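Following: one structure in structure tokens, then a few remarks.
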Ligand code: UDX
């Protein structure tokens, strides 16, 4: 099929490359010339495992190209909108400026019969508003809302083999036809038996935010248990193992630590609360404000632990291992690790931080933070070592070797990713979160 993808960020670039790799002819469009220049040379503009390979093979096939020229989308029949919906600068709501701008430009090029597929995470009600715009501007074109659930670090795999496909379609024949076309786009996943849920716009929009709200709640639930464990001497990791054996609960997303960050969960739960308030249903998701608060408290807990261990923060040498919001990513958006590093530095600690992939992004965002290339460099003469992003190279550190480099053998394990006994046996004072 002939496909266009509007917006070539984490979502759109992966989507465009994956669709071309599956055999479709794809053009990716973005207003960011730097991004388009990189992608046009088959270079991924951000770190995402597997993306360079898929980009290279799709570009070599001749089925994939990138451009800043919107006119190029006119040749396509199916148009994916994959632009960002960040948190507004003045509140919790989602900023829909990029979505609206994308539709404005796209509708100039769309023909009757084309299918427009929204993938961006939007407040419920947006698709129906945009469908009105489409009907007015290009009668005969159809809008579908098709949320994505990809995880950074597994974005290629999640795009090619998703857990489920959700199509929010209009009622009637147009919706049936659009769903059939999307089945063709996703033929390989559909053929492999991926569940397809065809529903209305509002449900499709809500599926996405409900899924993220549930995941965020699960993480904050276990972090709330960590807070209780801290005052009772219980071990939240053993607690999670034990309750996780109940199949109704499940062990995944029950890892206590510094909590969730990234470009999705934090802003999505805030936008959901804001939208619910607009709809007069603020009380229905008021618990999400608590989920957010629990999550943010865990960052301060790490700062408090450093103060507890040293008596003060001023002049304390802290090695921060990890800056990305999670391993296998260079993304520092709303990263607990970066937030903690900055809180420590703002309060007088001498912070030396490192991340295998996120140093360049951090340098741009926080040029005053001292960054080094490796964990071995970061820990030299440290009074306290904090592990915040559980990269394999950090969790595999040898406590004896690290012990030879530091001033004081104190480690705070912000992800409960280390074996306390191994570190304690090597002479370290170990502090986890909730254990
Ligand atoms: C998330 C959703 O998982 C994905 O379905 C959606 O499309 C986008 O948002 P992502 O932001 O890539 O994906 O990260 P995810 O793997 O969900 O992790 C989010 C955050 O939660 C990370 O900071 C991670 O460290 C943290 N986390 C995760 C925990 O603190 N504990 C856990 O048990 C799991």
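Once you divide the Cα radius of gyration of the stretch 257-432 by 2.2 N^0.38 Å, the number left is 1.09. Note on residue 100 and residue 157: the model spin-label points, each 7 Å out from Cα along the C-beta direction, lie 3.9 nm apart.
Could you tell me whether the stretch 360-435 comes out rounded, prolate or oblate from its Cα gyration tensor? Rule is a ≥ b ≥ c as square roots of the eigenvalues, rounded for a/c under 1.5, then prolate if a/b exceeds b/c, otherwise oblate. Verdict is prolate for the stretch 360-435.
Applying 1/(1 + (r/R0)^6) with r as the Cβ-Cβ distance of residue 297 and residue 89 and R0 = 22 angstrom yields a FRET efficiency of 0.40.
Multiplying the residue separation of residue 234 and residue 2 by 0.36 nm and removing their Cα-Cα distance gives an extension gain of 77.8 nm.
At full extension, residue 137 and residue 241 could sit 32.0 nm farther apart than now, given 0.36 nm per residue minus the alpha carbon distance. How would the stretch 207-247 be classified by its alpha-carbon gyration tensor: rounded, prolate or oblate, with rounded meaning a/c under 1.5 and the a/b versus b/c comparison settling the rest? It comes out oblate by the Cα gyration axes. For the chain, the longest principal axis of the alpha carbon atoms and the long axis of helix 201-232 meet at an angle near 10°.
Which whole number in µm²/s is D for the chain by Stokes-Einstein, with the Kirkwood Rh taken over Cα pairs at 37 °C and 0.692 mPa s?
142 µm²/s
Our estimate of slack between residue 31 and residue 396, defined as 0.36 nm per intervening residue step minus the Cα-Cα distance, is 127.3 nm.
Relative to the longest principal axis of the Cα atoms of the chain, the long axis of helix 265-278 lies at roughly 60 degrees. Using a basic spin-label model with each label point 7 Å from the Cα along Cα→Cβ, how many nm lie between residue 57 and residue 184? Taking the simple label geometry, residue 57 and residue 184 are separated by 2.4 nm. Using only the alpha-carbon atoms, how far is helix 336-346 inclined from the longest principal axis of the chain? Give it as 0 to 90 degrees, nearest 10. The angle comes out at about 50 degrees. Assuming R0 = 35 Å, can you tell me the calculated FRET efficiency for the pair residue 251 and residue 426, based on Cβ-Cβ distance, to the nearest 0.05? Efficiency, from the Cβ-Cβ distance: 0.80. Computed per residue of the chain from DSSP H runs no shorter than four, each worth -39500 (n - 2.57), the mean residue ellipticity at 222 nm is -13500 deg cm²/dmol. Take the Cβ atoms of residue 75 and residue 164, set R0 to 30 Å, and the FRET efficiency comes out at 0.50. Each label was represented as a point 7 Å from its Cα along the Cα-to-Cβ direction; for residue 194 and residue 374 these points are 4.1 nm apart. Look at the Cα gyration tensor of the stretch 23-148: its axes a ≥ b ≥ c give a/c of at least 1.5 with a/b at or below b/c, and that counts as oblate.
Computed from the coordinates by the stated procedures, all read-outs in this text should not be read as laboratory data. Computed from a predicted structure; not experimentally measured. So basically every Cβ, Gly included, is an ideal-geometry build from the backbone, and we count neighbours across all protein chains shown.
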